[in-house]
Structure formats: structure tokens, C-alpha cells
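The values are calculated or read from the model by the stated rules, or taken from the named source; none is laboratory data. Just so you know, these numbers come straight off a predicted model, no measurement behind them. We place every Cβ from the backbone using ideal geometry, glycine too, and count neighbours over all the protein chains shown.
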Amino acid sequence: MRQLLTLVGLSLGLASAQNPGVLTIRFLDVGQGDAILITSPEGKSVLYDGGRSEPRLQALLRQYGVQSLDLVAASHADADHITGLVPAVTLYRPKFFLNNGLAATTQVWSKLVAAAQKAGTQGLLAKDQTINLGSVKLTVLAPPPGMPRNEQNLNSVGLLVQYGPFRALMTGDSEIPETRAWLKKYPANLLGPIDVYKSIHHGAKNGDHSAWLAAVRPKNVVIGVGPNNYGHPTSEALSLYRKVGATVYRTDQQGTVTVVVQPGGRFAITTEKGGPIPANRPAVGTATPPAPVRPATIPATPAGVGTPYRSCAEARAAGAAPLRRGQPGYSPALDRDDDGVACE
Amino acid sequence: MTQDEQGRPPESLTGTLIVDAIEGGKARVELADGHTEDWPLASLPRGVREGDVVRLHVEGGDLELEIDHAATRLRRGQAQAQLDALNRPAPAGDFDL
């Protein structure tokens, strides 16, 4: 009975980012892109990447009751990682903006830097340093020396999150030369084992590889992914995760994935819709996946009937256009103006 | 009609775009209105790289694209100076939030 009450209490608490006494990490469902919200037991918050849609990220921050952000981080300057940081900086005026020091030429990058200037947010060039987020330790994995400066992916900024014995790792869209350099630079016990790991580059072919995963030893992998033209996640990446025995979560299939870590390191993973991919073995160790929890505010596509249309032509051929957000088959990828109506 | 559905850019498109990222045979481009689309890399000028500004113009009914190297250099220089200024007084060593 006590265990049941604990689970109920945990589930009720998941609606808010400010859940006192625990570390909460949310891999937000932002479609094709990454956005990870980290909130310490003391209520301090970090947003690592912001996905590719301003309104989507803004809605998610409101949905999860975010009151403040202390730091935002851009793993690198690609649009599917930084667009949502614009409203995050504008609305929450964080103290710091962690970045890799390489400016992009895009309009959205200029908009983000201008928003940071206006908000009084201090730029923070990634270097090997530790940032204490209350009782949570954030270790910055700076891009190693020698990475070509014209390749944003290869200059991704990593973040190791530690709370007691619990460890999570995210490394943007790093590619093999960067992770190889990190393997040489860092001791093996810094890189792994990892309880919750963000798949590199949405499960692309050029991200995770066996030598890197042998060091990281991830128990659970979360893939930030949505409908895309790149084939993410690739069968190669999924096979790698299977080989290391990790349980895989995907934001395109399960919505936002939430990790709640208790003092002492016990953690639970819940998803907005559905469980982990059955083909993978259950997590070993301390992970306890309870029943799925569906937050109440943003209506989600009904599970099982919500496979997004691949194109508007396909939606029209099925007589389904226009598609409204929340309807089966709707996809943000088809909603070019992000007004909640696709294939207008 | 969109480029994604037909594999080629619409002919009504003129102005500039910026290459946000390249992966395999695809390039994610930022259009003048700020939206991004995935274009076949082959539809962009040969040798195009991430960050390049590409100029589009219609000539004789054909859509032509060329890398605007001067505009690319200008944007890159301005953006880097802006970021360097933002990063300048950052705290050194470990710190508390």
C-alpha cells in the first residue's frame, strides 16, 4: 500500500516542473529536435536545447509549470535545437546562456543572441567546468580542441547531470570524431555507466557508435525525434542500443519522457503515452517504470491511431486535411506556420 | 505545392535562404520568413556548406541559385562578434546557480 501511495504521489507531482525534493528531467516532445528540462530538488531549472518551434516550447514550459529558468544551453546552433530557446530566454530571463562559442549565420540564431542581450542573460562559453544546480552537479563537456569550426554538430556541448549516484548524459548532435576525442580526454568512470542517456543526433547514423556506448553503458536511452526526412532514428542506432541492453524511449511514440530521481538515486521513468519499445529488455538496476502518465493540458494524439501523415498530399488523399493539433495524423512537420492547423 | 512534396523548390521563390544544416542528401534551409524546410542537397549549388547564404532568382522562367559568399562572410562576422561580446565576462571555474 505504501508503495502504491508513493507512486500516486509521484504521478501527481509530475504535472509540475517544480517538484520539491527530487530531481526531474523531462525530455520534451518537441517533434524533430531536442529539448530537455532539468529541475533540481531546490527548484532551480536548466533548459538544455529548445527544439525547433517557439510556440511549442512555450506551451510545454507553461504546461509543466516552469516558474523560472536559471540557465539555458544550446548544445550547438542548429535550428532544431535553438528555436525554442528564444521564448525561453525572453520569458524567463535566465542568468546564463551556455553555448559552444560558434555563431550561426541563421536568422534564428541572431534572434536568440539578441533576446539574450535584451534579457541581460550572460553568455557562457563552454569549457570544462562544473555548475552546481542546487544539489545537482552539472559537468560541462566542452567541444574538444581540433574540431573543425565550420561543423556545428562536431562542436556540440555535452552535459553530465549527477544527483547522488544517479547520472544522466546528453551530448547534442555530436558525431564520431567528437565522441572519439572525448573518449581519449575523459576517464572511463566519468562517462559511464549512465542511467539515462539522450541518443546522439536523434538516432542518426553518424552519432552513437559501439566504442562510445561501451564507455557510456547507458541503461535507458531517450531519443528526441519526430516526423523527419532523415530516417531518424536509424536502424543502426536502434541496434546499437539493443546490443548494450538499454531500454529505449522515443518522444515521437511516447511523447514527453519524464525521469524523477529521489534522493539516494532511485529513479522512475514515465511517459506521456505508452511504454518503452517492447523489443528492448527492461531496464536493470534501480529504474522502475510505473504506469504511463498523461499530462492534462495539451491534448495528445490518441495512441495507436495517431501515426502522422508523411505529407500533406497523403493527408489530402485520405480526405483528412486540414488537420488540427490533437487529431489523429496531425504532425507539427506539416504545420508550417505552427498555428495548430496542418495542411490548410 | 511545396518543395518537400515535389523534390524541387517552388518557382515563385526568390530572395535568399540560409543553410542551417546538411545531413546526407538533405539540407535544412531557413527561408526569408524564418521557417525551415528540408531540401535535396542536389538542388543547392555545388559545394554549399552549413551557414552559407544562397541567393535565389528567377531567370527566363528558371529558378537559379548561387552561394553569396560576401553575404555569408558578413553575416558570420557580425554574428560571431555579437556572440563573443555576449560571452566576454563569463565566470571562470566552477560556480553555483
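Apart from one condition, A:Ala119 fits all of (1) of a type in the set (A, V, I, L, M); (2) under 29 Å from B:Ile22 (Cβ atoms); (3) more than 21 Å from the chain's Cα centre (by Cα); the exception is (2).
Identify the residue in segment B:67-97 that is at the interface with chain A (Cβ under 7 Å from one of its Cβ atoms) and in contact (Cβ under 8 Å) with a residue 24 or more places away in the chain and, among all such residues, is surrounded by the fewest Cβ atoms within 10 Å (Cβ to Cβ). Here the answer is B:Arg76.
With respect to (1) touching a Pro at 6+ places or on another chain (Cβ under 8 Å); (2) within 26 Å of A:Pro41 (Cα to Cα), the lone exception for A:Val260 is condition (1).
For the residues B:Leu74, B:Leu44, the requirement of being modelled with pLDDT of 95 or more and touching a strand residue (DSSP E or B) at 6+ places or on another chain (Cβ under 6 Å) singles out B:Leu44. Filtering segment A:80-116 to residues that are surrounded by fewer than 24 Cβ atoms within 10 Å (Cβ to Cβ), more than 24 Å from B:Asp94 (Cβ to Cβ) and within 19 Å of the chain's Cα centre (by Cα) leaves A:Val86, A:Pro87. Taking A:Pro87 as the residue in question, decide whether it is within 14 Å of another protein chain (Cβ to nearest Cβ) and either within 20 Å of A:Pro233 (Cβ to Cβ) or in contact (Cβ under 8 Å) with a residue 60 or more places away in the chain (or both). When the stated conditions are applied, A:Pro87 does not pass them.
Of the residues A:Gln67, A:Gln122, the single one that is at the interface with chain B (Cβ under 10 Å from one of its Cβ atoms), polar (S, T, N, Q) and surrounded by fewer than 22 Cβ atoms within 10 Å (Cβ to Cβ) is A:Gln122. The number of residues in segment A:23-58 being charged (D, E, K, R) and within 9 Å of the chain's Cα centre (by Cα) comes to 4. Restricted to segment A:70-79, and to residues there that are of a type in the set (A, V, I, L, M) and more than 10 Å from chain B (Cβ to nearest Cβ), the residue that is farthest from B:Phe95 (Cα to Cα) is A:Ala74.
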